[in-house]
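What follows is a single structure, written as structure tokens, with notes after it.
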């Protein structure tokens, strides 16, 4: 199953992130190496949040990432939430559905 982790950032996120960015990116790339995190990045125009796409048996993989993320622990994230995403189209869809022939 895929899970989306949504972050809401503090208004001065861009000014504050430098102190924690390397730690955050290290954790993210480690999650990629474990084949848990597929994609992640900040939203733009405005930069007020981020979305990270996880793969796992339960939402725990995304929840654990958020709980341990330096951005969350140091107050750059005001709110986070995880939503299951039933992917049905694409090479990496977890429950592919093809059209009837």
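Please treat every number below as a calculation from the coordinates, not as lab data. Because the structure is predicted, anything quoted here is derived from the model rather than measured. When we count neighbours, we look across all protein chains shown, and the Cβ atoms used for this are built from the backbone with ideal geometry, even at glycine.
Of these, 31, 19, which one is over 18 Å from residue 80 (Cβ atoms) and in contact (Cβ under 8 Å) with a residue 12 or more places away in the chain? Write out each step before concluding.
Numbers: 31 fails: over 18 Å from residue 80 (Cβ atoms).
From the options 31, 19, the qualifying one is 19.
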Given the conditions (1) touching a helix residue (DSSP H, G or I) at 6+ places or on another chain (Cβ under 7 Å); (2) surrounded by fewer than 12 Cβ atoms within 10 Å (Cβ to Cβ), and given that residue 66 satisfies all but one, which numbered condition is not satisfied?
(2)
Of the candidates 25, 52, the one satisfying the condition of being touching a strand residue (DSSP E or B) at 6+ places or on another chain (Cβ under 9 Å) and under 27 Å from residue 91 (Cα atoms) is 52
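Here is a list: 32, 61, 82, 47. Which entry is exposed (fewer than 14 other Cβ atoms within 10 Å of the Cβ) and within 30 Å of residue 95 (Cα to Cα)? So that I can check it myself, show each step before the final result.
Values: 61 fails: exposed (fewer than 14 other Cβ atoms within 10 Å of the Cβ); 82 fails: exposed (fewer than 14 other Cβ atoms within 10 Å of the Cβ); 47 fails: within 30 Å of residue 95 (Cα to Cα).
That would be 32, the only listed residue that is exposed (fewer than 14 other Cβ atoms within 10 Å of the Cβ) and within 30 Å of residue 95 (Cα to Cα).
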